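Here is the structure we will look at.
The values are calculated or read from the model by the stated rules, or taken from the named source; none is laboratory data. These numbers were taken from a predicted model, which means no experiment stands behind them. Neighbour counts run over all protein chains shown; Cβ positions are idealised from the backbone, glycine included.
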Amino acid sequence: MIVMKFGGTSVGGREAIERTIGIVRSKLEEKPIVVVSAMSKVTDMLYAISDSLEKGDREGAQAALGKLRKKHLDAAAELMPDDHLWREEAFCRINAVCDGMQRFIAEVAEIGPAQKAVIDSKGEFLSSNMICCKMNSIGIKTSFVNARDFMVTDSDYLKGAPVYDEIVRRAPKVIDAAFSEADAVITQGFVGITSEGEETVLGRGGSDFSASIIGMAVDAARIEIWTDVDGVRSADPRKVDNTLCIPKISFEEAAEMAASGAKVLHPKTIEPALLKNIPVLVLNSMNPSGHGTTIVPSSYIEDGVRSVSSKENILLVCVSLPVISDASSLLTRVLAVLSETKVDIDLLRVGPDGIVFTSASLDRVPSAVVKLSTFADVEVEDDKAQISVIGKNISELRLALRDASELVKESRLVTVAQNDSYVNISFVVPRARMHDAVRQIHSYLFEK
Ligand code: ADP
Ligand code: ASP
Ligand code: MG
């Protein structure tokens with residue numbers, strides 16, 4: 001079995017969907033489990049529906065749902081103009097999902113994370129049902145699997161953490177049964193369910209993570225992440241010119257890149273694949289014959305710099321004690337508060353002046369600050385961005401980077417990830433200067 005995940009742009013309309021199905025068709029003998037995202041922009045529309053409801057605007061929410069229904073009915077009609085049976089089947093399924101949402105919007109009494117997860121997850125059900133019908137209509141026997149039959153998470157509704165044991169127990173049975181009567185299986189990325197049966201989602205961009213979890217659970221031979229760029233690149237091609245494709249990268253480097261803001265992979269994508277050493281490929285559905293990027297164990301990778309990533313809009317938090325005291329006990333207390341308030345930390349430095357860390361958990365930091373302030377002085381600086389240079393054994397680059405950019409010299413927080421092979425040198429810059437700094441550093445490292 002192989003897992004093939006297709007992101008929003010790869011299922012964004014008739015042309016993209018037909019190209020995607022062509023790619024799947026070429027691999028049927030490998031038993032593809034196709035994991036799809038919502039059509040591009042659809043999850044944004046669903047978040048907007050949740051926001052309207054939060055503001056009490058039920059009418060606005062129903063109007064937006066009407067647009068969403070039409071978008072999918074139109075897409076299905078365009079995809080299956082001559083196949084009356086499968087087109088009607090697709091219409092039925094799309095209407096069933098939208099009717100359910102319509103009732104939910106009409107009846108929901110209050111809107112919090114649990115209710116938002118119900119709404120936000122529907123894009124993947126719409127796209128997967130529609131594509132399943134199209135695949136069958138052109139003779140690819142495809143089974144539809146509801147990912148909520150196996151993708152068990154905790155009850156962090158909008159950022160569910162997978163419960164691996166439970167998923168590994170359930171997924172192979174569900175997927176094997178689906179293959180017993182089909183050549184391909186299609187399921188949804190992004191969605192999850194608690195063990196009590198409440199709907200969850202895995203967080204923005206979570207379909208990559210779903211694909212990797214499924215690959216791990218069924219011992220897939222390979223996990224293919226099909227997106228809209230030629231593999232993992234030396235920087236975000238939307239922000240930097242002249243980026244290079246990285247043909248091979250280690251699991252550790254890819255994980256660092258993803259965690260440091262490279263949107264091409266969800267930050268947690270590598271974790272499940274690595275548990276079983278399953279190769280992950282990043283490929284371009286608009287250019288299927290390209291080689292893309294293969295993610296492999298570190299021993300296959302040479303020393304050297306791989307990429308520059310950035311994270312926009314992070315907070316820099318400085319925690320110190322009024323009187324000098326034991327830094328390690330301060331660290332223990334700070335980490336306990338951050339874990340309790342579910343604040344993700346990106347960079348952390350413990351120094352004589354206290355503890356400095358960065359976080360992109362903008363909504364959760366304020367409650368952590370309230371708790372930290374009961375025993376320490378806390379200063380929060382917003383409008384910061386974080387830049388990370390990633391590669392194998394690149395710690396010596398730290399000084400060279402200071403020549404590349406004045407901003408690196410000025411940065412208040414520079415960290416070098418301390419593990420076997422130094423893979424991440426990060427620093428914090430003012431948000432407004434981020435793009436320039438990334439370009440300067442990219443040009444210094446890659447455009448000689
Ligand atoms: P999908 O919908 O397929 O999941 P995403 O938009 O989530 O696609 O991710 C692909 C995008 O990631 C690319 O279009 C690109 O702009 C962005 N990106 C950011 N950093 C990188 C990088 N280092 N290499 C490649 N793409 C990157
Ligand atoms: N549709 C979800 C999102 O837009 C998940 C994904 O695309 O990976 O965040
Ligand atoms: Mg994505």
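Name the residues in segment 103-118 that are assigned to a helix (DSSP H, G or I) and either under 22 Å from Arg148 (Cα atoms) or in contact with a helix residue (DSSP H, G or I) (Cβ under 9 Å, 6 or more places away or on another chain) (or both), would you? Explain how you work it out, then say what you get.
As a first pass, look at segment 103-118 and keep what is assigned to a helix (DSSP H, G or I): 103-107, 113-118.
Matches in segment 103-118: Arg103, Phe104, Ile105, Ala106, Pro113, Ala114, Gln115, Lys116, Ala117, Val118.
Does segment 183-192 contain any residue that is more than 21 Å from Gly123 (Cβ to Cβ), in contact (Cβ under 8 Å) with a residue 60 or more places away in the chain and in a helix (DSSP H, G or I)?
Checked against the condition, which is being more than 21 Å from Gly123 (Cβ to Cβ), in contact (Cβ under 8 Å) with a residue 60 or more places away in the chain and in a helix (DSSP H, G or I), segment 183-192 yields no hits at all.
Hey, among the residues in segment 261-297 that are closer than 25 Å to Ala217 by Cβ and among the polar types (S, T, N, Q), which one's surrounded by the most Cβ atoms within 10 Å (Cβ to Cβ)?
Thr269
Which of the residues that make up segment 126-156 are under 12 Å from Gly192 (Cα atoms) and in a helix (DSSP H, G or I)? Before the answer, list the steps.
Filtering segment 126-156 down to residues under 12 Å from Gly192 (Cα atoms) leaves 146-156.
Of everything in segment 126-156, those that are under 12 Å from Gly192 (Cα atoms) and in a helix (DSSP H, G or I) turn out to be Ala147, Arg148, Asp149.
Test Ile225 against the stated conditions and say whether it is closer than 22 Å to Met1 by Cα, surrounded by 16 or more Cβ atoms within 10 Å (Cβ to Cβ), within 10 Å of ligand 1 (Cβ to nearest atom) and touching a residue at least 24 places away in the same chain (Cβ under 8 Å). Explain how you work it out, then say what you get.
Numbers: closer than 22 Å to Met1 by Cα: yes; surrounded by 16 or more Cβ atoms within 10 Å (Cβ to Cβ): yes; within 10 Å of ligand 1 (Cβ to nearest atom): yes; touching a residue at least 24 places away in the same chain (Cβ under 8 Å): yes.
Yes.
Please work out which one of (1) of a type outside the set (Phe, Trp, Tyr); (2) part of a loop (DSSP other than H, G, I, E, B); (3) modelled with pLDDT under 90; (4) farther than 20 Å from Ser309 by Cβ is the condition Val350 fails and give its number.
(2)
Would segment 239-262 turn up any residue that is closer than 20 Å to Met39 by Cα, modelled with pLDDT of 95 or more and not small (Gly, Ala, Ser)?
Within segment 239-262, the first condition is being closer than 20 Å to Met39 by Cα, and the residues that meet it are none.
No: segment 239-262 contains no residue that is closer than 20 Å to Met39 by Cα, modelled with pLDDT of 95 or more and not small (Gly, Ala, Ser).
So how many residues does segment 322-344 have that are buried (at least 17 other Cβ atoms within 10 Å of the Cβ) and part of a loop (DSSP other than H, G, I, E, B)?
2
Quick one: which of Ser309, Ser210 is within 10 Å of ligand 1 (Cβ to nearest atom) and of a type outside the set (Asp, Glu)?
Working: Ser210 fails: within 10 Å of ligand 1 (Cβ to nearest atom).
Testing whether each residue is within 10 Å of ligand 1 (Cβ to nearest atom) and of a type outside the set (Asp, Glu) leaves just Ser309.
Quick one: which residue in Thr194, Thr153, Thr187 is polar (S, T, N, Q), away from ligand 2 (no atom under 16 Å from the Cβ) and surrounded by 17 or more Cβ atoms within 10 Å (Cβ to Cβ)?
On the way: Thr153 fails: away from ligand 2 (no atom under 16 Å from the Cβ); Thr187 fails: away from ligand 2 (no atom under 16 Å from the Cβ).
After ruling out the rest, the residue left standing is Thr194.
Residues that are within 16 Å of ligand 3 (Cβ to nearest atom) and touching a Leu at 6+ places or on another chain (Cβ under 9 Å): list the helices (runs of 4 or more DSSP H) wholly contained in segment 1-79 that include at least 2 such residues. Give the derivation first.
Working: elements: 14-25, 42-54, 58-79.
Where helices (runs of 4 or more DSSP H) fall fully within segment 1-79 and carry at least 2 residues being within 16 Å of ligand 3 (Cβ to nearest atom) and touching a Leu at 6+ places or on another chain (Cβ under 9 Å), they are 42-54.
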